[in-house]
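None of the figures in this text is laboratory data; all of them are computed from the coordinates on show. Not measured: the values here are computed from a predicted model. Heads up, the Cβs are rebuilt from the backbone with ideal geometry, glycines too, and the neighbour counts pull from every protein chain shown.
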Number of protein chains: 2
Amino acid sequence: MTAAVAARPRSTPAQYPGCAECLTRVFSICDFIGGSPLAPLAQEVRTVTARRTLFRERDVLDSVPIICSGWALSAVMLSDGSRQILSFLLPGDFVSAALLFDPKPKCSVEAITNVTYRAFNRAELKDRIFGKPEMAEMLVNVWIEEKRRADELIIDLGRRPAAERVARLILRLVERLQKRGMAAGGSFEVEFPLRQHHIADAVGLTPVHVNKLLTDLRRGGIIRLSERSLAVLDPVRLRAVASLR
Amino acid sequence: MTAAVAARPRSTPAQYPGCAECLTRVFSICDFIGGSPLAPLAQEVRTVTARRTLFRERDVLDSVPIICSGWALSAVMLSDGSRQILSFLLPGDFVSAALLFDPKPKCSVEAITNVTYRAFNRAELKDRIFGKPEMAEMLVNVWIEEKRRADELIIDLGRRPAAERVARLILRLVERLQKRGMAAGGSFEVEFPLRQHHIADAVGLTPVHVNKLLTDLRRGGIIRLSERSLAVLDPVRLRAVASLR
DNA sequence: CGGTGTCTTGAATACCATCAAGTCTTGTGG
DNA sequence: CCACAAGACTTGATGGTATTCAAGACACCG
């Protein structure tokens with residue numbers, strides 16, 4: 001994103017335990033925090049096992065969480081028991097940029113796989129970010145990207161048929177994983193811990209219907225999906241299903 | 001939002017022609033721009049007649065627009081000819097906070113009624129905002145609110161039935177208008193220039209179906225809607241339709 | 001080994017879209 | 001000022017997409 005990031009090779013020992021292996025470094029502000037000559041920020045590494053919640057809507061957070069490893073999701077529960085997933089969170093993601101300023105989250109966050117995340121002191125992290133112009137710029141980019149993805153989801157849910165939504169979700173996730181180096185050997189094969197009900201809650205469908213759409217994609221030889229692993233066998237046709245290009 | 005805003009009565013003469021009457025002042029950063037002792041920013045007031053576009057997705061904006069009067073909408077056109085409205089823009093609204101940093105809009109903006117807006121020089125406006133802490137704070141609040149509304153729309157489109165979506169849209173618009181003093185005498189009667197196809201494109205339905213839902217609300221004595229004017233006759237039942245409270 | 005969670009498949013149903021036709025309003029040019 | 005066209009609204013009939021309901025197979029875990 002900036003020269004400072006690119007200049008620091010992945011293998012450089014990081015200032016905090018675990019950072020050397022943490023995918024976060026390359027894609028988020030952690031790089032600036034850990035790599036800067038400034039004093040370490042007050043923070044705490046926390047671990048959450050799969051299916052447990054990191055925090056709920058009604059909580060008040062005294063710290064700002066950033067995902068270090070694993071997959072999580074942010075979602076809103078509705079009174080009828082259903083829920084809408086707002087976004088999937090990957091290593092390096094701010095849970096939400098708004099949490100830097102507002103301690104009350106507007107959604108709850110749940111671990112999909114085992115998750116580790118860092119909880120930074122809000123005031124210190126804010127000072128640090130606004131003290132370094134390149135970090136402030138990065139925050140702005142994170143925020144813009146967050147909004148852009150929300151708008152994409154609005155378009156999908158409002159105007160696209162079911163098959164298209166599922167195809168787009170898959171393509172976007174694969175793209176995000178590849179950017180993080182989380183796709184094995186740069187191929188189209190990735191670890192994919194999502195259950196079908198996760199996909200359903202993300203794209204506004206029922207698990208039953210998602211199942212039918214996925215088996216269509218499988219039978220068509222477009223994807224392979226089993227054992228928590230996804231391979232895009234025919235990217236061209238998958239993009240066609242998604243009405244892309 | 002801050003003491004500076006509250007301390008400045010609505011009747012105070014503003015620094016720019018039209019500002020005294022402009023609803024914008026109370027709800028946006030214009031107050032800080034116009035009311036500050038600093039030099040006026042480079043800006044230009046522009047007028048657009050109903051149904052014309054302010055700018056398109058592919059444009060590159062050298063200035064940052066803020067709506068002064070009238071209703072507008074931001075939307076994305078799809079390849080099949082349909083479109084998704086991302087938000088309705090009222091006086092005082094930033095078209096999008098991201099435009100402060102990125103000259104390329106991610107959506108096109110169209111006037112619903114006749115619209116006037118101010119186009120600020122990006123660099124100057126940015127400097128001014130970040131030069132005054134209370135203005136920076138206001139920008140953050142605008143941005144948080146923008147994201148919050150996008151998330152609400154995602155929930156509506158993903159998980160709520162049609163009648164609920166329409167009822168929620170109406171309630172949110174009335175609430176925003178009331179905050180701006182755009183509701184006649186604080187009653188539930190407001191000017192309402194939206195066509196049914198606007199509502200349809202906003203909540204992901206067809207105009208035909210929106211029509212049927214609106215006539216249901218009318219026949220139930222819940223709203224009155226005619227001649228570009230909306231009255232919420234039975235707020236309690238409207239909220240019930242919207243699954244609120 | 002029972003229980004729970006996940007995936008799969010088929011059948012019936014509901015919701016919303018599409019199609020079509022007609023009325024009414026608004027705007028425009030002769 | 002009127003005639004005409006275009007846009008907006010209304011309503012009913014029909015159809016398709018996705019939901020709901022139901023039942024069974026499978027894996028994993030305590």
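For a straight C-alpha distance cut-off of 26 angstrom, the lysines reachable from residue A:106 (same-chain residues fewer than eight places away being disregarded) are A:126, A:147, B:106, B:147, B:179. A cut-off under 14 angstrom between Cβ atoms defines the neighbours of residue B:218, and their net charge, with Lys, Arg +1 and Asp, Glu -1, is +1. The length gained by stretching the chain between residue A:231 and residue A:126 to full extension, at 0.36 nm per residue less their Cα-Cα distance, is 33.8 nm. Rounded to the nearest 20 debye, the dipole size of segment A:161-241 about its Cα centre is 100 debye, using +1 on the Cβ of Lys and Arg and -1 on the Cβ of Asp and Glu. Considering only B:142, B:192, B:100, and ranking their Cα positions along the charge dipole of segment B:92-225 that arises from unit charges at the beta-carbon of Lys, Arg, Asp and Glu, the one farthest toward the positive end is B:192. Taking amide H atoms as placed 1.01 Å from N in the peptide plane, the amide H of residue B:233 lies under 5 Å from those of B:223, B:224, each 5 or more residues away in sequence or on another chain. The aspartates and glutamates whose alpha-carbon is closer than 14 Å to the alpha-carbon of residue B:104, local same-chain residues fewer than 8 away aside, are A:145, B:57, B:59, B:62. Would segment B:161-241 count as rounded, prolate or oblate if I go by the C-alpha gyration tensor, calling it rounded below 1.5 in a/c and otherwise prolate when a/b exceeds b/c, oblate otherwise? It comes out prolate by the Cα gyration axes.
Among A:101, A:55, the order by Cβ neighbours within 10 angstrom, fewest to most, reads A:101, A:55.
Residues whose amide H falls under 5 Å from that of residue B:71, counting only those 5 or more places apart or on a different chain, are B:112, B:113, with hydrogens built in the peptide plane. The same position residue B:49 in the other copies lies at 6.9 nm from this copy, comparing label points 7 Å beyond Cα toward the beta-carbon, shortest first.
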